[in-house]
Amino acid sequence: MSAVTFPEGFLWGGALAANQSEGSYLAGGKGLTTVDMIPHGEHRMPVKLGLEPRYSLQDEEYYPSHDAIDFYRRYKDDIALMAEMGFTVFRTSIAWSRIYPNGDELTPNPNGIAFYRSLFEECQKYGITPLVTLCHFDVPMHLVTEYGSWRNRKMIEFFTRYARTCFEAFNGLVKYWLTFNEINILLHSPFSGAGLVFGPEDNHEQVKYQAAHHELVASAQVTKIAHEINSENQVGCMLAGGNFYPWSCNPEDVWAALEKDRENLFFIDVQARGAYPSYAARVFREKGIEIEWQPGDAEILRHTVDFVSFSYYASRCASADMNEKNSSAANVVKSLTNPHIPRSAWGWGIDPLGLRITMNMMYDRYQKPLFLVENGLGARDEIEANGEIHDDYRISYLRQHIQAMGEAIADGIPVIGYTTWGCIDLVAASTGEMSKRYGFVYVDRDDHGKGTLARTRKKSFWWYKKVIASNGQDLTD
Ligand code: BG6
């Protein structure tokens, strides 16, 4: 059925993040992180946005990350399921606060290192290549309360120490690294993205872009260190991707879409090209932002990434008169609702051609190999009387996106691999729900933390196994 050919050695797999899967939020000496403070329910959004401070846990609130899907204790069985599907790559993240519980210690926590060593060895046992994110929405809380998180330049030192520890401890076990998950989400969800909490006096834009500068310097610095420790290491940046379409061909709308794209691509422009883009100076001036640089920053930023990774769920849409009322924030980034594409039950657009468009734009711009490290459909699954789960809607979404990725490869773009998001059901980052499911494997747990946590293979499990076995040639049911 597929007209496209995937290169030999193309990596096929799935992705999780520590904060949405591991649970055991204090086990082995782990410290509290930002995500551990984000409750389910009405306070979730204001806390995520950094508008409602949450420095201590509240008895009456439910925090989905605390137990999540218990991957911390079940990882061996879960990796075995991924191996059964034929995964050749598995993306997860290291919880910074398992390695450095407070974040500012001088020596790491041996329990944290032992846990991840065992996890990566488990992958190795099945010939699965780990793809590891150093920071996926989980800054140690002590760094938030003591230092103000990434608004403080000292974070560069803490993150560098943490990253170096990981590169040394897992040298030879992990080759593919990502520095910050969806680094541009710092702008759209500042507390979950970067541990930022705003006070009444803060100029939000100033705080966010200064924090961004610190993250960008830290990212470049650790890229350099990763290469020094092992020249085989491959380090990527990670964008919450999806091009903005202009609402119309009115030049005003076209310009608005270009500006919106630049807002997100600014980060990757720095990480992939090694310097602030030419448009940044004017944007900062007009927003009243003054970035504090230190001597040597420009030199550090020249250490660019080896590949560009990104998540893609849907395209976005912008117009010159876009405002709070006419836009909505599916996957956090504000967008107009595009009437030409269907939507998921959570209102997220479904636009496979948008993936091909996004990939072409990114390769034209960066000329570095791409890695699609998140893609998938969040949907409600029903269990049939016989215990089966027929998630044909998920198969259909993934099939169309794999085809679009194949077209982008045929367009001449080098692509390292593909990891679907939430290969096993996990906690949704935006809403904290379990009922918004992405997995090939169902996890028996509800939005309030009830359920046996038992794992069940869905129809898509068998389908993806066949896709991988045929290297993307057989996409049929
Ligand atoms: C990405 C994140 O933004 O989208 C993931 O990197 C997240 O952490 C995923 O889970 C899907 O979003 P959600 O809100 O449906 O979980």
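Here are some notes:
- Fraction of the pair-distance distribution of segment 395-464 above 17 Å, Cα-Cα pairs, percent: 53 percent
- Entries in Lys76/Lys458; Lys334/Lys458; Lys30/Lys175; Lys287/Lys368; Lys260/Lys287 that, when Cα-Cα distance is taken, lie over 23 Å: Lys334/Lys458; Lys30/Lys175; Lys287/Lys368
- Peptides 72-81, 234-243 ranked from most to least packed give 234-243, 72-81, packing being the mean of other C-beta atoms within 10 angstrom over each peptide's residues.
- Comparing Cα centroids, segment 270-321 and segment 327-351 end up 25 angstrom apart.
- Hydrodynamic radius (Kirkwood) for segment 100-182, which is based on Cα pairs only, to one decimal in Å: 13.7 Å
- Shape of segment 11-470, Cα gyration tensor, a/c cut at 1.5: rounded
- Listed peptides 94-106, 174-186 by packing density, highest first (mean Cβ within 10 Å): 174-186, 94-106
- Computed about its Cα centre, the charge dipole of the chain is approximately 660 debye, with only Lys, Arg, Asp and Glu carrying charge at their Cβ.
- With every protein chain in place, the chain: carbon and sulfur % of accessible area (1.4 Å): 50 percent
- The residues of segment 11-470 present an accessible area of 37 Å² per residue when probed at 1.4 Å with all protein chains retained.
- Each 10 Å bin from zero up to the one holding the largest Cα-Cα distance in segment 36-184 carries the following percent of pairs: 10, 36, 35, 17, 2.
- With helices as the sole contributors, the chain gives -11500 deg cm²/dmol at 222 nm; each DSSP H run of n ≥ 4 counts as -39500 (n - 2.57), and the sum is divided by every residue.
- A simple packing score, the average count of other Cβ atoms within 10 Å per residue, orders the peptides 365-373, 85-93 as 85-93, 365-373, with the highest score first.
- J(HN,Hα) series, segment 356-368, from Karplus relation 6.51 cos²θ - 1.76 cosθ + 1.60, nearest Hz, glycine and proline x: 4, 4, 4, 5, 5, 4, 5, 6, 4, 7, 10, 6, 10
- When the P(r) is computed for segment 438-477, the part past 11 Å accounts for 66% of the Cα-Cα pairs.
- Segment 325-477 shape via C-alpha gyration tensor axes, a/c threshold 1.5: oblate
- Extent of segment 13-112 along its three principal axes (Cα atoms, max minus min coordinate, largest first): 43, 36, 21 Å.
- Positive-pole candidate from Thr129, Asn102, His142, dipole of segment 92-147, charges at beta carbon: Thr129
- Residue (of Gly13, Gly242, Ala211) at the positive-pole extreme of the chain, dipole from beta-carbon charges: Gly13
- Gyration tensor (alpha-carbon) shape descriptor, segment 1-49, a/c threshold 1.5: oblate
- Put a plus charge on the Cβ of each Lys and Arg, a minus charge on the Cβ of each Asp and Glu, and nothing anywhere else: the dipole of segment 110-267 about its Cα centre is then about 520 debye.
- Per-residue SASA entry for Glu232, accessible area with 1.4 Å probe, Å² rounded to 10: 120 Å²
The values are calculated or read from the model by the stated rules, or taken from the named source; none is laboratory data. Every value quoted in this text rests on a predicted model; they were computed, and no experiment measured them. All Cβ positions, even for glycine, are placed from backbone atoms using ideal geometry, and neighbour counts span all protein chains on display. When the accessible area is computed, the model is the full protein with side chains, heavy atoms only, and any ligands, DNA or RNA have been set aside. Shrake-Rupley method; radii C 1.70, N 1.55, O 1.52, S 1.80 Å.
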